[in-house]
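J.: Structure provided below as structure tokens; questions to follow.
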Amino acid sequence: MGSAGRVLLRAVIMGPPGSGKGTVSSRIIKHFNLKHLSSGDLLRDNMNKGTEIGVLAKTFIDQGKLIPDDVMTRLALHELKNLAQYSWLLDGFPRTVPQAEALDKVHQIDTVIDLNVPFEIIKQRLTSRWIHPSSGRVYNTEFNPPKKIGIDDITGEPLIQREDDKPETVTKRLKAYEAETKPVLAYYRNKGVLETFSGTETNKIWPQIYAFLQTKLPDVSEKETLTP
């Protein structure tokens, strides 16, 4: 058997919006030979191409409804057929227990990477953006705050927050994420494959994840150093 030396890893990454999941995923892909499968990208791709399942998914999205489990599952499993000979990292799927169960019937999940970032920190991060509407100037109260809180530096006009960046919107999104994924995390915890990584920022969480994955897979990136 020539493939004896090749270990294939079946991994899932989970984390609330604003937890740095995108950054962590791209670093994992850079260092370890994994294919990244994002359900969001997959959906957009299928809708743009007008595939049968893309058209079906779009009907739900246009009605503002969640895409049913069986549609999401069909979409993801169909794509995973093309990735059989690779290690992969699933991102945004499975979102529900039925999706996780359907995935289990086809693939044994080895590890679920769960990013545990305090909601207060995420809220601070996601609500720190303020905009000057007429010029499009963007301020961030943490990185590049206006000279006077709530006021544009150049015109002295008031700054506004986009609907998405308002604290109540962010809180709602975080609560929805928690309600949706708690059962999924519990499901994987019971299976003994959940690995939770806690921290307040990506650069503190990343070394833990890197060290963990090194026990599973070789680092394929040229740099042996841990630079982000």
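The values are calculated or read from the model by the stated rules, or taken from the named source; none is laboratory data. Only a predicted model underlies this, so the values are computations on that prediction, with no experimental measurement involved. Because the Cβ atoms are built from the backbone with ideal geometry, glycine has one as well, and the counts that use them run over all protein chains shown. Each accessible area value is taken on the protein alone, full model and side chains, heavy atoms only, with ligands, DNA and RNA left out. Shrake-Rupley method; radii C 1.70, N 1.55, O 1.52, S 1.80 Å.
J.: Round to a whole angstrom and tell me the spacing of the C-alpha centers of region 54-99 and region 150-197.
T.: If you average the Cα positions of each part, the centres end up 22 Å apart.
J.: What does the charge count around ILE154 come to, taking other residues whose C-beta lies under 11 Å from its C-beta (Lys +1, Arg +1, Asp -1, Glu -1)?
T.: Computed value for this residue: -1.
J.: Arrange the residues SER198, SER87 by how much accessible surface each exposes, largest first, with a 1.4 angstrom probe.
T.: SER198, SER87
J.: Would you mind counting up the charge near ILE209? Only other residues with Cβ under 9 Å from its Cβ, with Lys and Arg at +1 and Asp and Glu at -1.
T.: Net local charge, ILE209 excluded: 0.
J.: With a cut-off of at most 15 other beta carbons within 10 Å, and DSSP calling the residue loop, which trypsin sites (Lys or Arg not before Pro) in region 136-187 qualify? Please list them.
T.: Sites meeting the loop and neighbour criteria: LYS147, ARG162.
J.: Within the chain, what is the longest stretch that has no GluC sites (Glu not before Pro) placed in a DSSP loop and near at most 16 other beta-carbon atoms within 10 Å?
T.: 1-141
J.: Next up: Determine the dipole magnitude for the chain: charges of +1 sit on the beta-carbon of Lys and Arg, -1 on that of Asp and Glu, nothing else is charged, the reference point is the Cα centre, and the result goes in debye to the nearest 20.
T.: Roughly 120 debye, rounded to the nearest 20.
J.: OK, next. Would you tell me the accessible area of TRP206, worked out with a 1.4 angstrom probe on the heavy atoms of the protein chains, in Å² to the nearest 10?
T.: Number for this one is 0 Å².
J.: Where only protein heavy atoms count, and the probe is 1.4 Å, what is the accessible area per residue for region 86-129 in Å²?
T.: Heavy-atom accessible area per residue stands at 42 Å².
J.: Using only DSSP helix segments of four residues or longer, with each worth -39500 (n - 2.57), what per-residue ellipticity at 222 nm results for the chain after dividing by its residue count and rounding to 500?
T.: For the chain, the value works out to -14000 deg cm²/dmol.
J.: Tell me the label only: which of [x] 120, 42, 26; [y] 73, 29, 28; [z] 71, 47, 33 is Cα extents along the principal axes in Å as calculated from this structure?
T.: Step by step, Cα extents along the principal axes in Å for this structure corresponds to label [z].
J.: Can you check what the net charge comes to around LEU77, using other residues whose Cβ is under 13 Å from the Cβ of LEU77 (Lys, Arg +1; Asp, Glu -1)?
T.: Here the count lands on -1.
J.: Could I ask something else about it? To the nearest 20 Debye, how big is the dipole of region 119-209 about its Cα centre, given +1 on the beta carbon of each Lys and Arg and -1 on that of each Asp and Glu?
T.: 240 debye
J.: Please state the shape class of region 117-228: rounded when a/c is under 1.5, otherwise prolate if a/b exceeds b/c and oblate if not, all from the C-alpha gyration tensor.
T.: Oblate, since a/c reaches 1.5 and b/c is not below a/b.
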